[in-house]
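Novice: The structure's right below; bear with me while I get my questions together.
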Amino acid sequence: MSFEPKIIGFLCNWCSYTGADLAGTARMKYPANLMSIRVMCSGRVDPGFVLDAFRRGADGVLVCGCHPGDCHYVDGNHKCMRRMPLTRRIMKGMGIDPARLRLEWVSASEGARFREIVSEFTEQLRRMGPLELKEIEFDPALEGAHHA
Amino acid sequence: MPKPKLAIYWAASCGGCDIAILDIETKILDVAAFFDVIFWPCAMDFKYDDVRAMPDKSITLTLFNGSIRSSENYEIAQLLRAKSVVLCAFGSCAAEGGIPGLANFHSKEAICEYVYKQSPSLEPGNGTMPQPEVRAPEGLVRIPVLWNTVRSLDQVVDVDYVIPGCPPQSDQIAAVVAAVIDILSNGKPLPPKGTVLGATEKTCCDECKRTRNVKKIKGFIRPFEHLTDPNVCLLEQGIVCMGPATRAGCGAKCVSAGVPCRGCYGAPTNVRDQGAKMASALASVIDSTDPEEIERILDSIPDPLGTFYRFSLAESTLRRTQV
């Protein structure tokens, strides 16, 4: 069986979630690998959410917000635009390929674009393979916990 | 009535926590008068076998400093957990891995390779590596096994309370000691398990006396590159100060002296990952909406991971670098 990546998507309420909804109502098909979480704004997406998603088994994280300049809260997406590159640096330092985090701007009318992004990202993660995080939980046996 | 028993232990630590305990000055006499100090390797001569011989739950309070990064640290953590009624993670290392936790950016092999083979201070050609077991003329000699991943105390045993800080501030230690003596003398109830003692719920910025304005940052600098304004927020002046993502309790001592907060009191209440929270705060005050300029500004952050996770890497969401 081929590897099916798990993708967590943080979609902003005003543009991207509506865009994803449009893809649905227009019966456009995209891979079921994406699990969407609706947030009020892409500016709500804390780098900690992204790291937590990876820790809990996500192979990729997709963050989508309104196009720059179109934010419902004026500059929430501008904050996201600066947070995600810094989050990628943290991922790189922790030994996780930064390409596993993707930031895209999707408006409420871009259902087709949303479908393309999800399809393409899923395909990319299939090629990259699963993300395996080691030594998160303490395992005495693994560490040679006792005296030799 | 016999005195309550007190144990103080150091695992992977520098000894600064033990000094901080002595720094409570004359109040140390109250400690000695009230408690029977039955184990404190840094200050007095005790043997592990003395502790092994004690009945379970016979130590009233154990202040455990240092992180867990060897089989010896782990063994004594388990031992003191079994012998103690209350086990308290004392200081950043026990609470969240601390400075030794930065070893989690590397593998054990890479660390040993550098320390024992490449470090410039080594005798040339002497490639001796530590062996867990060596047969000497006197018999078999064993040393503890070094771990690949540094752990905080609560990752390996059950912990009752946390006193953060590198080291915890002496006035806070004195206040905790006074509270403990009061609780034990007057039969008062203990605080709920998991309580962070000797600190507050808010962030270091809350205690900082510097003036705060709207922050708009075009680039980051190191403190020595700039003569800082002593009255204005350091972050506003482009110096990475961990205040926004650090628990208050120290009295903002570093920032009062012109040194940016390093984050030793750990993440504030309801924050799981101090480094990620700092990244979030820092990115939001960058003054740019141009992706290329944003990358350039982010490039100017000196050692972002080592700064954001200086004390909390071992307790962070991802724990370590995947190697």
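Novice: Within the set of other residues whose C-beta is less than 14 Å from the C-beta of residue B:309, count the net charge using Lys and Arg as +1 and Asp and Glu as -1.
Specialist: Net of charged neighbours comes to +4.
Novice: Which order do the peptides B:281-292, B:26-37 take when ranked by the mean count of other beta-carbon atoms within 10 Å per residue, highest first?
Specialist: Per-residue Cβ counts within 10 Å, averaged per peptide and sorted highest first, yield B:281-292, B:26-37.
Novice: Could you tell me what a quarter of the Cα convex hull surface of chain A works out to, in nm² with one decimal place?
Specialist: That works out to 10.4 nm².
Novice: Okay, moving on. Just in region A:47-132: which trypsin sites (Lys or Arg not before Pro) are loop by DSSP and have at most 12 other Cβ atoms within 10 Å?
Specialist: A:56
Novice: Go through B:27/B:57; A:6/A:92; A:92/B:253; B:108/B:193 and tell me which ones have a Cα-Cα distance over 22 Å in this structure.
Specialist: B:27/B:57; A:92/B:253; B:108/B:193
Novice: Under 10 Å from the Cβ of residue A:103, count the other residues' Cβ atoms, weight Lys and Arg +1, Asp and Glu -1, and hand me the total.
Specialist: +2
Novice: Which of B:12, B:279, B:267 moves most in a GNM of chain B, Cα contacts under 10 Å?
Specialist: In this elastic network of chain B, the residue with the biggest mean-square fluctuation among B:12, B:279, B:267 is B:279.
Novice: Divide by every residue of the protein assembly as shown the summed helix terms, -39500 (n - 2.57) for each DSSP H run of at least 4, and state the resulting mean residue ellipticity at 222 nm, rounded to the nearest 500 deg cm²/dmol.
Specialist: For the protein assembly as shown, the value works out to -9500 deg cm²/dmol.
Novice: Nearest 20 debye, what's the magnitude of the dipole of the protein assembly as shown about its Cα centre given +1 on Lys and Arg Cβ and -1 on Asp and Glu Cβ?
Specialist: Here the protein assembly as shown has a charge dipole of around 800 debye.
Novice: Can I ask one more? With N set to the residue count of the protein assembly as shown, report its C-alpha Rg divided by 2.2 N^0.38 Å to two decimal places.
Specialist: For the protein assembly as shown, the normalised Cα radius of gyration comes out at 1.10.
Novice: If you don't mind, another one. In the neighborhood of residue B:280, defined by Cβ-to-Cβ distances under 11 Å, what is the net charge if each Lys or Arg adds +1 and each Asp or Glu adds -1?
Specialist: For residues surrounding residue B:280, the net value is +3.
Novice: Which of A:131, A:49, A:95 sits farthest toward the positive end of the charge dipole of chain A, with +1 on the Cβ of Lys and Arg and -1 on the Cβ of Asp and Glu?
Specialist: Of the listed residues, the answer is A:49.
Novice: Between residue B:321 and residue B:49, how high is the FRET efficiency from 1/(1 + (r/R0)^6) when r is the Cβ-Cβ distance and R₀ = 35 Å? Nearest 0.05.
Specialist: After rounding, the FRET efficiency stands at 0.35.
Novice: Under the classification rounded if a/c is under 1.5, otherwise prolate if a/b is larger than b/c and oblate if not, where does region B:105-147 fall, given a ≥ b ≥ c as square roots of the Cα gyration tensor eigenvalues?
Specialist: Note, shape of region B:105-147 comes out oblate.
Computed from the coordinates by the stated procedures, all read-outs in this text should not be read as laboratory data. Everything numeric here is computed off the predicted structure, so don't read it as measured data. As a convention, Cβ positions derive from the backbone with ideal geometry for all residues, glycine included, and neighbour counts pool all protein chains shown.
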